[in-house]
1. With respect to Ile46, is the statement that it is modelled with pLDDT of 95 or more, surrounded by fewer than 18 Cβ atoms within 10 Å (Cβ to Cβ) and at negative phi true?
2. Could you check Val171 against (1) modelled with pLDDT under 95; (2) crowded, with 17+ Cβ neighbours inside 10 Å; (3) closer than 20 Å to Gly31 by Cα and say which number it fails?
3. Modelled with pLDDT under 90 and surrounded by 13 or more Cβ atoms within 10 Å (Cβ to Cβ): which single residue out of Tyr116, Tyr89, Tyr74 fits that description?
4. Residues to consider are Ile105, Ile161; find the one that is at pLDDT 90 or above, loosely packed, with under 15 Cβ neighbours inside 10 Å, out of contact with any strand residue (DSSP E or B) (no Cβ under 6 Å at 6 or more places or on another chain) and farther than 21 Å from Phe30 by Cβ.
Amino acid sequence: MKKAVLVFAFAICFTYTLMAGNKEESNTSFGIKLGLDFITNSNASITAQVKSNYQLGAFVRIGNKLYFQPEAYYASYTTDQVNGNKFTYFKAPLLLGVRLLDLKIASLHIKGGPEYVKRLSSNYKGEFKWGLGIGADVLGFITTDIRYTFKNGDISSIAQIDNLIHKGGMVNLTLGIRF
């Protein structure tokens with residue numbers, strides 16, 4: 001957890017340092033997002049997960065070409081369609097992003113960082129995981145992302161990417177509106 005706090009502090013300082021000299025780059029926006037989480041090692045089919053898994057939340061984006069984007073979500077998903085094990089979570093990704101391509105009508109970005117995940121209505125402690133993804137902004141106010149959250153444990157990130165569907169990470173799809 002200390003590493004995640006240090007990464008978070010570094011990301012904020014780095015973002016503000018890069019934006020300090022250019023007022024155009026220091027814009028701030030916020031918005032709402034809704035999305036789906038797909039548990040890649042679940043026995044449930046993708047269709048069943050679309051029907052039962054969802055998340056709803058908000059985000060703040062600080063910056064333009066290089067930006068810091070904290071998010072907060074309420075998420076619900078079923079881990080086992082046979083037994084109906086449904087859990088709710090609080091999720092808070094702390095993302096650092098870079099806009100790679102800007103066509104004025106649409107832009108492409110990559111982002112990643114730590115994500116705090118806590119199961120609600122339980123005594124489970126929260127944990128930090130890591131996520132990495134790609135997304136697009138369309139017409140300046142619509143934002144969409146696809147992100148992979150790595151499973152904590154004894155498997156390396158490279159092995160998880162090689163065996164994405166079988167190793168238990170989570171694919172996250174979101175659609176949002178920026179204000």
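1. On the way: modelled with pLDDT of 95 or more: no; surrounded by fewer than 18 Cβ atoms within 10 Å (Cβ to Cβ): yes; at negative phi: yes.
In short, no.
2. Failed condition: (3).
3. On the way: Tyr116 fails: modelled with pLDDT under 90; Tyr74 fails: modelled with pLDDT under 90.
Unique residue meeting the criteria: Tyr89.
4. Values: Ile161 fails: at pLDDT 90 or above.
The unique qualifying residue is Ile105.
The values are calculated or read from the model by the stated rules, or taken from the named source; none is laboratory data. No experiment lies behind these values; they were computed from the predicted model shown. With ideal geometry, Cβ positions are generated from the backbone for all residues, glycine too; neighbour counts draw on all protein chains shown.
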